[in-house]
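Written below as structure tokens is the structure these notes are about.
What follows draws every value from the coordinates through simple rules; no lab data is involved. Note that this is a predicted model, so its numbers are computed, not measured. No Cβ is skipped: glycine too gets one built from the backbone with ideal geometry, and neighbour counts run over all protein chains shown.
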Amino acid sequence: MQTAVRQIVKSPSVLMALKNSSPNGLLFSAAIIGGINLLGFSITAATKTHKLTDLFGTGAFVASAAASAYVNGVHAHPWSRPFILSAAVSIWGIRLAGHLFERILTSPKDPRLEKFMPKKGEKWLDSSGSNFPLNLAGFWMIQAAWAWVVSLPVTMANFNPVASTQRLGMGGRVALLTFAGGFAFEAIADWQKRSFKKNPANKGKWIDQGVWSVSRHPNYFGELLIWSSLFFASVPALRGPRQVLIGAVSPLFISGLILYVSGIPLLEDKMNKDHGQDEKYLKYKETTPLLVPYCKWLRIPGLPY
């Protein structure tokens, strides 16, 4: 992953050609993120292992932010708004990629991804099985689209020449503080859960300690706070209402994904299946907010949990 990013950054002629073909950065970001995910898919399909999936998927965010900052000379202005936005994405991505990579290395398999891998003796494109590698390619395409959409505001901010020397105002500093809070909340939640699961005495149990005692999904709360903060911090660097509307798709998309698709619903269903008959779990569920800490009264529309 790191080698791939270095090769991209060391190819200025390729990067500048991509930049010139994409004045707002969207095609540029799509090419970088698509290239990283294509490489990840190729390695995964060749080795038939999913251990690099999250490393490439999250690394694509970092590659896009770093490359778009580099080609626009943002790195020459380390206190500018675009530089700080790109640095924030990179810090988030490196931390999360490391966490996910360590997790998959210590796990025998990932149930989310096993269905994309062929069983022993299964032929390619067997629709009665995994339909390998077609379904796997579809997964990687969705992963690339996720990174591209969520990166929209930071990409466009990097490609605004007027913003290359723009510093954070009071609103931007507040957004940066909320980003830091979300980052800390997500990192602490991941660390606490990893430590909890490493203890053999906790096998088959759910975590209700630390930040998990004030939210059933504190890592997702941190994630939503991170991308909402980055969007609001990027707004002054976006060119007009149209780009602001495009950038707003980022927090809306990640919120929809976590709240209604592949985040909270899947985990809540699994927890109910595993612990739904346990009175202690039912008590924990009754007294602990679903997402926002200390806000048990808050109900998210469309969620029955």
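Numbers for the structure displayed
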| read-out | value |
| --- | --- |
| Length-normalised contact order of the chain in % [C-alpha pairs under 8 Å, at least 6 apart] | 18 percent |
| Segment 1-163: projected area of the alpha-carbon convex hull, averaged over directions, in nm² | 9.9 nm² |
| Nearest-20 debye value, the chain charge dipole, Cβ charges on Lys, Arg, Asp, Glu | 300 debye |
| Value of [θ]222 nm, deg cm²/dmol, for the chain, DSSP H segments ≥ 4, -39500 (n - 2.57) each, nearest 500 | -21000 deg cm²/dmol |
| At R0 = 22 Å, FRET efficiency that the Cβ-Cβ distance of Thr287 and Arg112 yields, to 0.05 | 0.15 |
| Likely footprinting exposure, Lys51, Lys203, fewest C-beta neighbours within 10 Å first | Lys203, Lys51 |
| Cα Rg over Rh - the chain, Kirkwood | 0.99 |
| Lys, Arg +1 and Asp, Glu -1 on Cβ, resulting dipole of segment 209-305 about Cα centre, debye, nearest 20 | 260 debye |
| Given charges at Cβ of Lys, Arg, Asp, Glu: segment 92-235 dipole, positive-most of Phe116, Met156, Ser234 | Phe116 |
| Over segment 50-116, volume per residue of the alpha carbon convex hull, in Å³ | 76 Å³ |
| Volume in Å³ per residue [convex hull over Cα atoms, computed for segment 168-294] | 107 Å³ |
| Footprinting exposure proxy for Asp208, Asp54, Asp278 (fewest neighbouring C-beta atoms within 10 Å first) | Asp278, Asp208, Asp54 |
| Calculated from backbone phi, Karplus (6.51, -1.76, 1.60) coupling profile of segment 280-297 in Hz, x at Gly/Pro | 5, 5, 4, 5, 4, 5, 6, 9, 10, x, 5, 9, 7, x, 6, 10, 4, 6 |
